[in-house]
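The values are calculated or read from the model by the stated rules, or taken from the named source; none is laboratory data. Everything numeric in this text was worked out from a predicted model, so none of it was measured. Cβ atoms come from the backbone with ideal geometry, glycine included; neighbour counts cover every protein chain shown.
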Amino acid sequence: MSIVLVVLGVVLVVGYLWYVSIIKRRNAMQEAFSGIDVQLKKRADLIPNILKIAAKFMAHERELLEEVTRLRSEVLQAADAKADQETRFALEQQLESKMGSLLVSVENYPELKSQENMLAAQHAYADVEEHISAARRSYNAANRGLRDSIQVFPGNIIASIAGVTAMPFFEASSADRAPVDANQYLG
Amino acid sequence: MIIPLLNSLGALNLLRFRPKQAPVNDSPISDELRAVIEERIKPGLDQLEAQRQHYFEQYEKREKVLKYFAFPAALVFGGVQLANLHLFEALLYPLLALLFVNHWVNKPARDYIAHYKSSVLPILVKLYGDFTYAPKSEFDPELDSRFKVVPRFERWSSEDAIKGKLDDIGFEFCELHLKVKTKDSTRTVFKGGMISLTMPFEFGAHVIMHKDKGALGNLFARGALTHQTVALENPNFEARYEVRANDQQLARYILSPAMMERLIALDDLFRENVQGSGLMCEFVGNTALLMLPYSGNLMEPTDIHTSAYELEKLPLIAQEIALLSGVVEQLKLDYMATRKLAMRQLSQGTLSK
């Protein structure tokens, strides 16, 4: 009888420690996810500075500048309204793509390209993109740690009882995975 | 007792000042280096050669004392002790005496090399940037408490200090030899080069990159209790290094996929060129510290037996200086600095109108 109690005690302790580990990893993943938010907000804050500098020179890119402005507003609205993840990230993806096009277009304006403010803005944007990339990698690593703990027995049982699930990994969109058509940029 | 004595013999590098086979230098000499040698180094060689001969005379006299007096006296003393069955005294005292005399004999050789380095190396380092050279560095004895990649040490020696600035980044290099005391002697815990880069921005996180010593070894690495492991995506990088940090996201910002590749390439470069055994890195505050253990001895331009007019080692020294000063560009830390400064300018609104 006492052996049964000891074994039961050990099982309960191990189960509890595993549960604590799962919760800690879930919290780490959520923290990493909110870290991405912080960096995306930084990028959204940086964009008006770039647009202000670019607008002085890129008169012929009015449509592109307006598109970026519109997307930025939508991204900020979705963040404030706490829209679902899929919608938010789809908008962020569109904004990222349009900003990429804008920065490529800068190459067609030599006067703008060599302007000190524009160079600084491009460097700052590159820095923010590095931070976003780091935040996504951090999220993926935290998510992987959570998945490891909830997919291996007895973690899968404990996770289903506690209602803990993993989130999808950050992956490149199909547009990003498609081969680059140089003719698009070189005209 | 014998083993610590043998370690001490090795530590004093008894054979250091003997004529060595000339190293093979297969790198082409640049026009710039050739011009510096012709215009700035060769004019001073007469004086250097005169100095060498002066030191060589002193060295030869002292070597005769060693050969014809100290060594026979040690043998006689040792023989007498052996005859009296005092084996320990027969080995210990003569060895100690010979070590001391050898150190005294080689002093002119050391003085000449220090003089040669002080004359020639300051000219060479200027080729690679706004650098200064000093035979000894201002070493911080509290370095092991400031940085976790620096092993704990009790004794240290340093030489060949290069200091300067590359764009906005402060650069300092020195060769280090760190030791700890053991029961009977000392043990080397680090021998190689140390590069300290002072960036114009704060990293914002404390990231430690040790050599991977396996699951058990990593548990006892410095920083293991206070910093979390950072699991990175590059399997080659993960196999070589163990990374710990106090901020997972900023650690990944610093150690981007491209940076990991550059660190591996730098490590391979040092392994190939100076018999390196694995670099270690630490990013804290505004400092990036690189510890480069290697068994060779960089920037040894000559010895007392070689005429000062023989300059065949200089291209190799220049290559070594290029390797060290090229670290900032190799790791693209200058580009990281540009990005961070631009971000700071934008957020402070200090861009020009």
Checklist entry - Got at least one residue in the stretch B:60-69 being without any contact (Cβ under 8 Å) to a residue 12 or more places away in the chain and hydrophobic (A, V, I, L, M, F, W, C)? => result yes
Checklist entry - Can you spot a residue in the stretch A:59-78 that is within 14 Å of chain B (Cβ to nearest Cβ) and either at pLDDT 85 or above or more than 30 Å from A:P154 (Cα to Cα) (or both)? => result no
Next on the checklist: Being in a loop (DSSP other than H, G, I, E, B) and buried (at least 18 other Cβ atoms within 10 Å of the Cβ) is the filter here; which residues of the stretch B:133-150 pass it?
Outcome noted: B:S137, B:F147, B:K148, B:V149, B:V150
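Residues of the stretch B:228-245 being part of a loop (DSSP other than H, G, I, E, B) and under 16 Å from B:V150 (Cα atoms), which ones? Talk me through it step by step, then tell me what you get.
If we filter the stretch B:228-245 for residues that are part of a loop (DSSP other than H, G, I, E, B), which is where we start, we get B:230-234.
None; the set is empty.
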Item to check | Pairs, first free of Cβ contacts under 8 Å to residues at least 40 places away in the same chain in the stretch B:275-292, second surrounded by fewer than 23 Cβ atoms within 10 Å (Cβ to Cβ) and part of a loop (DSSP other than H, G, I, E, B), C-beta under 7 Å, six or more apart | outcome: B:Q275/B:S295; B:Q275/B:G296
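Does the stretch A:90-99 include one or more residues that are in contact with a Phe, Trp or Tyr (Cβ under 8 Å, 6 or more places away or on another chain) and not charged (D, E, K, R)? Don't jump to the end; show me each part of the working.
Looking only at the stretch A:90-99, we keep the residues that are in contact with a Phe, Trp or Tyr (Cβ under 8 Å, 6 or more places away or on another chain), and these are A:99.
Those left that are additionally not charged (D, E, K, R): A:99.
Within the stretch A:90-99 (the criterion being in contact with a Phe, Trp or Tyr (Cβ under 8 Å, 6 or more places away or on another chain) and not charged (D, E, K, R)), the answer is yes, since at least one residue qualifies.
Taking only the stretch B:230-243 into account, find how many residues are touching a strand residue (DSSP E or B) at 6+ places or on another chain (Cβ under 9 Å) and either touching a residue at least 60 places away in the same chain (Cβ under 8 Å) or within 17 Å of A:Y139 (Cβ to Cβ) (or both).
So the first thing to find is which residues in the stretch B:230-243 are touching a strand residue (DSSP E or B) at 6+ places or on another chain (Cβ under 9 Å), and the list is B:230-232, B:237, B:240-243.
If we keep only those that are either touching a residue at least 60 places away in the same chain (Cβ under 8 Å) or within 17 Å of A:Y139 (Cβ to Cβ) (or both) too, we end up with B:230-232.
Of the residues in that region, 3 qualify.
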Checklist entry - Among the residues of the stretch B:89-97, is there at least one that is over 23 Å from B:D184 (Cβ atoms), charged (D, E, K, R), touching a helix residue (DSSP H, G or I) at 6+ places or on another chain (Cβ under 8 Å) and assigned to a helix (DSSP H, G or I)? => result no
Checklist entry - Taking the stretch B:190-244 on its own, how many of its residues are farther than 22 Å from B:V328 by Cα, aliphatic (A, V, I, L, M) and either at pLDDT 90 or above or surrounded by 15 or more Cβ atoms within 10 Å (Cβ to Cβ) (or both)? => result 6
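Here is a yes/no grid of residues against (1) in a helix (DSSP H, G or I); (2) more than 17 Å from B:I169 (Cα to Cα); (3) away from chain A (no Cβ under 14 Å):
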| position | (1), (2), (3) |
| --- | --- |
| B:A318 | yes, yes, yes |
| B:L324 | yes, no, yes |
| B:V328 | yes, no, yes |
| B:A337 | yes, no, no |
Checklist entry - Can you name the condition, by its number, that B:D303 falls short on among (1) over 25 Å from B:G278 (Cα atoms); (2) buried (at least 19 other Cβ atoms within 10 Å of the Cβ)? => result (2)
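Residues of the stretch B:184-219 being farther than 28 Å from B:V274 by Cα and among the hydrophobic types (A, V, I, L, M, F, W, C), which ones?
So the first thing to find is which residues in the stretch B:184-219 are farther than 28 Å from B:V274 by Cα, and the list is B:184, B:200-206, B:215-216, B:219.
Matches in the stretch B:184-219: B:F201, B:F203, B:A205, B:A215, B:L216, B:L219.
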Next on the checklist: Can you list residue pairs whose Cβ atoms sit under 7 Å apart, with the first residue in the stretch A:59-81 being in a helix (DSSP H, G or I) and the second being hydroxyl-bearing (S, T, Y)? Count only pairs 6 or more apart in sequence or on different chains.
Outcome noted: A:E61/A:S105; A:L64/A:S101; A:L64/A:S105; A:A78/A:T87
Checklist entry - If you take the residues in the stretch A:154-174 that are among the aliphatic types (A, V, I, L, M) and not in a helix (DSSP H, G or I), which one is nearest to the other protein chains (Cβ to nearest Cβ)? => result A:A172
Item to check | Residues that are modelled with pLDDT of 80 or more, farther than 16 Å from A:D37 by Cα and small (G, A, S), drawn from the stretch A:83-114 | outcome: A:S97, A:G100, A:S101, A:S105
Checklist outcome for this item: All conditions in (1) buried (at least 16 other Cβ atoms within 10 Å of the Cβ); (2) among the hydrophobic types (A, V, I, L, M, F, W, C); (3) within 14 Å of chain A (Cβ to nearest Cβ) are true of B:L314 except (3)
Item to check | Subset of the stretch A:111-153 (residues that are acidic (D, E) and more than 8 Å from chain B (Cβ to nearest Cβ)) | outcome: A:E111, A:E129, A:D148
Checklist entry - Among the residues of the stretch A:10-22, is there at least one that is modelled with pLDDT under 90, in a helix (DSSP H, G or I) and under 20 Å from A:S138 (Cα atoms)? => result no
